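First the structure, which I've put down as C-alpha cells, then a few questions once you've had a look.
The values are calculated or read from the model by the stated rules, or taken from the named source; none is laboratory data. Keep in mind the model is a prediction, meaning the values are calculated, not measured. Counting neighbours? That spans all protein chains shown, and the Cβs are built from the backbone with ideal geometry, glycine included. Each accessible area value is taken on the protein alone, full model and side chains, heavy atoms only, with ligands, DNA and RNA left out. Shrake-Rupley method; radii C 1.70, N 1.55, O 1.52, S 1.80 Å.
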Amino acid sequence: MRFTKMHGAGNDYVYVDCFHETMPKDPQHLARVMADRRFGIGGDGLIFIRPSEVADARMQMFNADGSEAEMCGNGIRCVAKYVFDHGICQQDTLAIETGAGVLAVALETHENRVERVRVDMGEPILGAADIPTGFEATPVVQQPLEVAGQRFEVTCVSMGNPHCIIYVPEATDELVLEIGPQIETHAMFPARVNVEFIEIDSPQEVRQRTWERGSGETWACGTGASAVCVAGVLTGKTERKILNHLRGGDLELEWREEDNHVFMTGPAAEVYSGDWPT
C-alpha cells in the first residue's frame, strides 16, 4: 500500500490515497502500527484521502492510538495540498468532507504546488452539552476544574472536536505531559478532550502547547488553535485576529464577527512517500 508522509506545522500524519488504494478492513489497527514512532513510519496518526459524494475529497482520520477523530485542522491542509499537487482536483478552492462536515479551503500556490492553505473552520460550538462537557454554564468560560489537587480555570470550545483551553504563565512539561492526559480523560469530558495550554504574548499573539486526545503532545493542532482564537475573545484576553506560535510553526487565526466563522491559515508540506507491506 502506497503512503505519503506529510505535516502541517509539525503535526505529522501518514496519508493514504484511497482514490488509488483500497481502504483497509481494520483502519484502527493500521493507524496504531503505522503511526508508531519506533516500529512503524511514525506520526500523530493516519489519514485516508477518500472519494466523496458531496465534496472534492473526504478526509477520514485516526489518531495514533487507533481512535477515530472528527477533524484535524493541520490534516485538512495537507489533504488539500495532496489533492491539488497530485492532480485529483486542481482548483484554487476545494471542498473537503470531514467528520465535522464539509469545509471550504483556499489554496496559496507557487510553481503549481500548494504552500499554504486557508481553511474555513466553520462556526464554533459553545453549548456545554454539545462540546460535550459536564459543565452547567454555557458558554463554558473560565470555569473551575479540579485536577491532581490543583484548580484550573478552563474555557471549552468545539471546532467539530472538543477542546479545553487553559491560560498559564508558562506551558511547562509538567502541565502538558502530566496534567494534560488527566484532563483528557477527566469525567467532565465524556468524549475525552484536547487540552491547550496558552501563554499570552499580547492581545494579537499567543503561544500554544497541546495535549491531543488519542495522540499525546503534538507539535501543532489546527482545531485547537482555532478554539484558542475563540476562547481569547470569550475571555477578553485576545482579539479576533491572532498569530499563534506552536512548537512546529505559526498559524494565523481569525474569528469573524460578521458570519461567526473561524478561519485558519498555515503551511502544508509533503515529506516523502513509500510502500507499506500488506
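Step by step: first the residues of the stretch 1-36, then only those that are farther than 21 Å from residue 221 by Cβ and among the basic types (Lys, Arg), then the one that is surrounded by the fewest Cβ atoms within 10 Å (Cβ to Cβ). Which residue is that?
Looking at the filtered set, the residue picked out is 25.
Restricting attention to the stretch 104-117, report how many residues are buried (at least 18 other Cβ atoms within 10 Å of the Cβ) and out of contact with any strand residue (DSSP E or B) (no Cβ under 9 Å at 6 or more places or on another chain).
Counting residues in the stretch 104-117 that are buried (at least 18 other Cβ atoms within 10 Å of the Cβ) and out of contact with any strand residue (DSSP E or B) (no Cβ under 9 Å at 6 or more places or on another chain) gives 0.
One line per residue, one yes/no per condition, for (1) under 24 Å from residue 68 (Cα atoms); (2) in contact with a Ser or Thr (Cβ under 8 Å, 6 or more places away or on another chain):
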residue: 191; (1), (2): yes, no
residue: 196; (1), (2): yes, yes
residue: 203; (1), (2): no, yes
residue: 214; (1), (2): yes, yes
residue: 225; (1), (2): yes, no
residue: 266; (1), (2): yes, no
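For a quick check of your reading of the model, give me the residue pairs whose first member lies in the stretch 151-178 and is at positive phi, whose second is open to solvent by 20 Å² or more (accessible area, probe 1.4 Å) and not aliphatic (A, V, I, L, M), with beta-carbon atoms closer than 6 Å and at least 6 apart or on different chains.
Taking only residues 6 or more apart or on different chains, the pairs are 160/70.
Looking only at the stretch 217-234, count every residue that is open to solvent by 10 Å² or more (accessible area, probe 1.4 Å), farther than 20 Å from residue 78 by Cα and in contact with an Asp or Glu (Cβ under 9 Å, 6 or more places away or on another chain) and tell me the total.
Number of matching residues: 1.
Looking at the stretch 251-278, which of its residues are of a type outside the set (Ser, Thr, Tyr), surrounded by fewer than 16 Cβ atoms within 10 Å (Cβ to Cβ) and over 16 Å from residue 122 (Cβ atoms)?
Correct list: 271, 274, 275, 277.
Okay, residues lined up against (1) under 30 Å from residue 1 (Cβ atoms); (2) free of Cβ contacts under 8 Å to residues at least 40 places away in the same chain; (3) of a type outside the set (A, V, I, L, M):
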position: 232; (1), (2), (3): no, yes, yes
position: 241; (1), (2), (3): no, yes, yes
position: 245; (1), (2), (3): no, no, yes
position: 250; (1), (2), (3): no, no, yes
position: 254; (1), (2), (3): no, yes, yes
position: 272; (1), (2), (3): yes, no, yes
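Say we look at the stretch 118-170 and pick out the residues that are among the β-branched types (Val, Ile, Thr) and in a strand (DSSP E or B); which of these is most open to solvent (accessible area, probe 1.4 Å)?
Selected residue: 125.
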